[in-house]
Amino acid sequence: MSDIYKRNQGRMVRQVTCLAIWVVSFLAAWRFYETFLKEATFDEGSNPWIGTSIRLGIPAIMFFIGLWGAFRLVNWPKFADFLISVEAELNKVSWPSWPELYRASIVVMFTIFFLVVLLFSYDLLWAWIFQALKIA
């Protein structure tokens, strides 16, 4: 039941996916603790450990369920086959070199700056027209 489905295929994508789910699981458990349990008071009676174990136990159980669920998910045959095919497609991509990436980034930033100036100019023009016509 705890076998790793197609152990040597799609390892990188499966590991990154599992790690991402683990991080989300940890953050969810931590946020649950911070939101609902940090300041909660439990009827501790004569044993103060009961409140602490409830306060820390519920997020810990949530986190470990997330760990287990992530492992099971990346080894579920349908999802694992999807991740294997994702890695196969990523291996086919031709990634740009650093100089090409730099040039493309400069072009994108210049285009965005140009569009910002153009839209701001249109905004000023329409504001002036509306004020001249006493519409706004």
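For this structure, a couple of remarks:
- Most mobile listed residue (TYR122, TYR102, TYR33) in the chain, GNM with C-alpha springs under 10 Å: TYR122
- Of VAL117, LEU56, LEU133, farthest towards positive along the dipole that unit charges on Lys, Arg, Asp, Glu beta carbons give the chain: VAL117
- Among ASP123, ASP3, the ranking by other beta carbons within 10 Å of each residue's beta carbon, starting with the fewest, stands as ASP3, ASP123.
- Centre separation in Å (Cα based) which lies between the range 53-69 and the range 71-136: 38 Å
- Neighbourhood net charge (13 Å Cβ-Cβ; Lys/Arg +1, Asp/Glu -1) for ALA29: +2
- Seen from ILE4, the other residues with C-beta closer than 12 Å to its C-beta sum to a net charge of +4, counting Lys and Arg as +1 and Asp and Glu as -1.
- Rel. contact order, % - alpha carbon contacts under 8 angstrom, at least six apart, the chain: 33 percent
- Reachable lysines, given that their alpha-carbon falls under 28 Å from the alpha-carbon of LYS78 and they are not under 8 places away in the same chain: LYS6, LYS92
- Cα gyration tensor shape for the chain, rounded if a/c is under 1.5, else prolate or oblate: oblate
- Using a Förster distance of 41 Å, the FRET efficiency for PHE64-LYS92 (Cβ separation, nearest 0.05): 0.65
- Nearest-20 debye value, the chain charge dipole, Cβ charges on Lys, Arg, Asp, Glu: 360 debye
- Using just its DSSP H runs of length 4 or more, each adding -39500 (n - 2.57), the chain gives a mean residue ellipticity at 222 nm of -26000 deg cm²/dmol after division by all residues.
No lab work stands behind these numbers, since they all come straight from the coordinates. Here the structure is a predicted model, which is why all the values come from computation and not from measurement. Methodologically, a virtual Cβ is constructed for each residue, glycine included, from the backbone with ideal geometry; neighbour enumeration extends over all protein chains shown.
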